[in-house]
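**Q** Let me begin by handing over the structure; questions about it come next.
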Amino acid sequence: MPIDAILKSIEATRFATAIRDSIWMFPIIESVHVIGFTLVVGTIAIIDLRLLGLASVARSFERMWSDILKWTWAAFAVTVLTGLIMFTTNAQIYYHNPFFRTKMVLLLLAGINMGAFEVTAGRTVQSWGNRRSAPPAGKAVAVLSLALWIAIIFMGRIIGFTTHPGKLAPPTPGVNYDDFLQSPSSGGNPGATSPAPPAAPGKK
Amino acid sequence: MNQFAHWLTRTPPSHAFRVQESWLVPGIQSIHIVGIAIVMGSLLMIVLRILGWAGGDQTLRETSDRFGPWLVGGLCLQLVTGLVLIITEPVRELVNFSFWTKMICVAIGAALSGVFLARVPDDEQQGESLAHQRSVRSLAVIAFVVFLSIIVLGRLIAYDHIWGSWSPATEGY
């Protein structure tokens, strides 16, 4: 398949190899990814709650929107960049992971949802921007936005539990906790035997 | 701590949570991340307001009234979901350099936030002069960096071996 050949060549680049071979690069890039998307979701939630009339109700929506959204976009840029870097390290595994694919579809839907706001409630913002909440279309967009972003976080987290170098691992690694409890002092590595570590592909 | 972690692993709630582990650990971790998003969004708004980079249409008091409770509430959610994660995987969390370093940062971050929120004056003029104090602005930036460190250290719990001999989890190597 041509797509697999492309993904393989992405993984083979010196850039992706360097990150895979490093003990600390992938964890740090992943941490920056988390910083980026927590700021994205946190700031979007502030706007969604304003649309729903649940918070910041006394504040002009337009003022708030222009005040906050530039920070959302800046954080989103960081998130996309770090996400792309992580993708290159194990492109084939991510591409074939069902949760990764679901996450990409949900991201697309979140984008469409934002576009839907622009062509509905966003057009009439002058008429409701100083009211407590947005018209029904704006509220629907806000509810969808909150649901989509929470689902995206869950998909992102579960990718770490279901990707493994070279194969798709089952969500539950078959670790019997009792095995290592019986010999905690036998020089074992409790950290390594802990069940369901987020086995990100960068982690060896 | 190692013994305590192993004892906790044997307790019924810990066992019960692990039985559900296929969805419970990623599920609780996801709620924990949603909590960080609430904390970071709220903290960002307060810090940007102190620095004068956003929220200029709101007084410092209005900003702290709007986002302070969400910051504190988000931290409480973190405490609850974090405790469930510890009970579920005591050894992964408690025998872990990143975890304890993170806890120190959490204590510092929570203390800085709490002291600031308790001191925001009702008066607009006093609020402005507080936000213009160099020490307050520096502490706001420091608090933000502390919370960024909390996120990084939280993620590094899964990669504690990168600390080498500092990590108790890698003693076996």
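The values are calculated or read from the model by the stated rules, or taken from the named source; none is laboratory data. What you see is a predicted model, and the numbers here were worked out from it, not measured in a lab. Note that we place each Cβ from the backbone using ideal geometry, even for glycine, and neighbour counts take in every protein chain shown. Please note that ligands, DNA and RNA were not included when accessible areas were found on the heavy atoms of the full protein model with its side chains. Shrake-Rupley method; radii C 1.70, N 1.55, O 1.52, S 1.80 Å.
**Q** Stretched out fully, how many nm does the piece from B:Val115 to B:Trp100 gain, at 0.36 nm a residue minus the Cα gap?
**A** Values: separation 15, 0.36 × 15 = 5.40 nm, distance 2.26 nm.
3.1 nm is the gain from fully extending B:Val115 to B:Trp100.
**Q** With a 1.4 Å probe and all protein chains in place, put A:Arg131, B:Arg155 in order of accessible area, largest first.
**A** Numbers: A:Arg131 140, B:Arg155 25 Å².
Putting A:Arg131, B:Arg155 in descending order of accessible area: A:Arg131, B:Arg155.
**Q** Right, something else. Using only the Cα atoms of segment A:63-155, what semi-axes does the equivalent ellipsoid have when each is the square root of 5 times a gyration tensor eigenvalue? Give whole Å, largest first. List each step's numbers first, then the result.
**A** On the way: eigenvalues 190, 46, 18 Å².
Calculated on Cα positions only, the semi-axes equal 31, 15, 9 Å.
**Q** Another question, then. If you average 1/r over all unlike Cα pairs in the protein assembly as shown and invert the result, what Kirkwood radius do you get in angstrom?
**A** 22.2 Å
**Q** Write down the accessible area per residue of chain B in Å², having rolled a 1.4 Å probe over the full set of protein chains. Walk me through the intermediate numbers first.
**A** Numbers: 7960 Å² over 173 residues.
Accessible area per residue, chain B: 46 Å².
**Q** I've got another one for you. What residue among B:Gln125, B:Phe99, B:Ile50 has its Cα farthest toward the positive end of the dipole of segment B:17-173, where the charges are +1 on Lys, Arg and -1 on Asp, Glu, each on the Cβ?
**A** Comparing the listed Cα positions along the dipole, B:Phe99 ranks first.
**Q** Label A:Thr102 and B:Trp23 with points 7 Å out from Cα along Cα→Cβ: what is the distance between them in nm?
**A** The two pseudo-label positions are separated by 1.0 nm.
**Q** Viscosity 1.567 mPa s, temperature 4 °C: what is the translational diffusion coefficient of segment B:1-88 from Stokes-Einstein with a Kirkwood Rh over Cα pairs, rounded to a whole number of µm²/s?
**A** Working: Rh = 14.9 Å.
Translational diffusion coefficient: 87 µm²/s.
**Q** Counting residues in segment B:37-168 as N, plug N into 2.2 N^0.38 Å and put the Cα Rg over that result. Intermediate values should be presented prior to the final figure.
**A** Numbers: Rg = 16.7 Å, N = 132, 2.2 N^0.38 = 14.1 Å.
This ratio for segment B:37-168 stands at 1.19.
**Q** Take A:Lys139, A:Lys8, A:Lys103 and sort them by solvent-accessible surface of the protein heavy atoms, 1.4 Å probe, largest at the top.
**A** On the way: A:Lys139 75, A:Lys8 125, A:Lys103 30 Å².
Output order, biggest surface exposure first: A:Lys8, A:Lys139, A:Lys103.
**Q** Might you report the magnitude of the Cβ-based charge dipole of segment B:1-103 about its Cα centre, with Lys and Arg at +1 and Asp and Glu at -1, to the nearest 20 debye?
**A** 160 debye
**Q** Taking 30 Å as R0, compute the FRET efficiency from the Cβ-Cβ separation of A:Trp65 and B:Ile108 and round it to 0.05.
**A** Calculated transfer efficiency: 0.35.
**Q** Multiply the residue gap between A:Phe15 and A:Ile112 by 0.36 nm, knock off their C-alpha separation, and tell me the result in nm, one decimal place.
**A** Details: separation 97, 0.36 × 97 = 34.92 nm, distance 3.23 nm.
Computed gain between A:Phe15 and A:Ile112 is 31.7 nm.
**Q** Under a plain spin-label model, where a point goes 7 Å from the Cα along Cα-to-Cβ, how far apart in nm are A:Thr124 and B:Ile86?
**A** Reported label-point gap for A:Thr124 and B:Ile86 is 5.1 nm.
**Q** Then there's this: Using a 1.4 Å probe over the heavy atoms of the protein chains, calculate the carbon and sulfur portion of the accessible area of the protein assembly as shown as a whole percent. Present the calculation step by step, with values, prior to reporting the outcome.
**A** On the way: 12200 of 17760 Å².
Percent of accessible area from carbon and sulfur atoms in the protein assembly as shown: 69.
**Q** What FRET efficiency would be calculated for the residue pair B:Val72, A:Asp4, taking the C-beta separation as r and a Förster radius of 56 Å, to the nearest 0.05?
**A** Working: r = 49 Å, r/R0 = 0.88.
Calculated value: 0.70.
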